[in-house]
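Colleague: Once you've had a glance at the structure underneath, I'll fire off some questions.
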Amino acid sequence: WQQIAVIKCLVDFIGMKDTIRIVECPIVRDADGLAKSSRNTLLTADERAVAPKIYEALQASVEYARTHSVAETHDKVVADINAVEGLEVEYFDIVDGNTLLEVNTWKAYVVGCITVYCGHTPIRLIDHIKYRG
């Protein structure tokens, strides 16, 4: 999602929004929820076993966000993922889905974007979750 959002902004910036059609596709995930990525092939078996905890924490945060603030939701996701041995959050931003600017209230279109280091190498994994919109 993060990559698509950047491309959309770039196409708009260069004035080709009406000329170029961007076709979004849903993330393809393994049965355990881990987003499919070429980086996954770099994970050891132990690293691959903990990597799905990223998406589990993101999914759980959607329900949590219904009764908690953006800041509380942010902190819970970071804490939940960092509590898993072998995972360390590089960043987790909750942003406006159109502008990629951080938000502090739940607006119409809000997305959580995360990058997590996994394992000893470490491998940098990205994911996202839609909260609103």
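The values are calculated or read from the model by the stated rules, or taken from the named source; none is laboratory data. Just so it is clear, the structure is predicted and the values come from calculations on it, not from any experiment. Please note: Cβ atoms are built from the backbone with ideal geometry, for glycine as well, and neighbour counts cover all protein chains shown. These accessible areas exclude ligands, DNA and RNA; they are computed on the full protein's heavy atoms, side chains included. Shrake-Rupley method; radii C 1.70, N 1.55, O 1.52, S 1.80 Å.
Colleague: Excluding residue 115 itself, calculate the net charge of residues whose Cβ lies under 14 Å from the Cβ of residue 115, where each Lys or Arg counts +1 and each Asp or Glu counts -1.
Modeller: On the way: positive: 39, 124; negative: 88, 90, 93, 127.
For residues surrounding residue 115, the net value is -2.
Colleague: Would you compute, from DSSP H runs of 4+ residues alone, the mean residue ellipticity of the chain at 222 nm, taking -39500 (n - 2.57) per run and dividing by the full residue count, rounded to the nearest 500? Provide the component values of the computation, followed by the final result.
Modeller: On the way: 4 runs with 44 residues, N = 133.
Value at 222 nm, helices only, nearest 500: -10000 deg cm²/dmol.
Colleague: Further question on the same structure: Among 82, 62, 35, which residue has its Cα furthest toward the positive end of the charge dipole of region 34-96, with +1 on Lys/Arg Cβ and -1 on Asp/Glu Cβ?
Modeller: Of the listed residues, the answer is 35.
Colleague: Let me ask something else. Cut-off 10 angstrom, C-alpha nodes, Gaussian network model of the chain. Which of 34, 43, 58 fluctuates the most?
Modeller: Evaluated over the chain, the most mobile residue of the options is 43.
Colleague: Carbon and sulfur: what percent of region 57-133's accessible surface (1.4 Å probe)?
Modeller: 50 percent
Colleague: Oh, and also: Which value, in Å², gives the accessible area per residue of the chain when a 1.4 Å probe is used on the protein heavy atoms? Write down the numbers at each step before the final one.
Modeller: Working: 8080 Å² over 133 residues.
Using a 1.4 Å probe on heavy atoms only, each residue of the chain averages 61 Å².
Colleague: Under a 1.4 angstrom probe, counting protein chains only, how are 100, 87, 10 ranked by accessible area, largest first?
Modeller: Values: 100 60, 87 10, 10 90 Å².
So, going from the largest accessible area down, we get 10, 100, 87.
Colleague: If you compute Cα Rg over 2.2 N^0.38 Å for the structure shown, which of (1) 1.50; (2) 1.04; (3) 1.11 do you land on?
Modeller: Identified label for the calculated read-out: (3).
Colleague: Quote to one decimal, in nm, the extra length available between residue 88 and residue 39 on full extension: 0.36 nm per residue of separation minus the C-alpha distance between them.
Modeller: So the extension gain works out to 16.0 nm.
Colleague: Moving to a separate point now. Cα-based count: Lys pairs in region 36-133 below 18 Å, eight or more positions apart or different chains?
Modeller: For region 36-133, the number of qualifying lysine pairs is 6.
Colleague: If you don't mind, there's one more thing I want to ask. Figure the gain on full extension for residue 101 and residue 27 (residue separation times 0.36 nm, minus the Cα-Cα span) and round it to one decimal in nm. Display every interim value, and only then the final one.
Modeller: On the way: separation 74, 0.36 × 74 = 26.64 nm, distance 2.19 nm.
So the chain would gain 24.5 nm between residue 101 and residue 27.
Colleague: In the chain, if the dipole is taken from +1 on Lys/Arg beta carbons and -1 on Asp/Glu beta carbons about the Cα centre, which of 117, 131, 6 is farthest to the positive end?
Modeller: 6
Colleague: Nothing charged except the Cβ atoms of Lys and Arg (+1) and of Asp and Glu (-1): what's the magnitude of the dipole of the chain about its Cα centre? Round to the nearest 20 debye.
Modeller: Working: 14 positive and 19 negative charges, 101 e Å.
Here the size comes out at about 480 debye.
Colleague: Which loop-located GluC sites (Glu not before Pro) does region 50-88 contain, where loop means any DSSP state but H, G, I, E or B and the Cβ has at most 15 other Cβ atoms within 10 Å?
Modeller: Details: sites: 56, 63, 72, 85, 88; in loops: 85.
Here the sparse-neighbourhood loop sites are 85.
Colleague: Can you compute the modelled spin-label distance between residue 132 and residue 6, with each label point 7 Å from Cα toward Cβ, in nm?
Modeller: Spacing of the two 7 Å Cα→Cβ label points: 2.6 nm.
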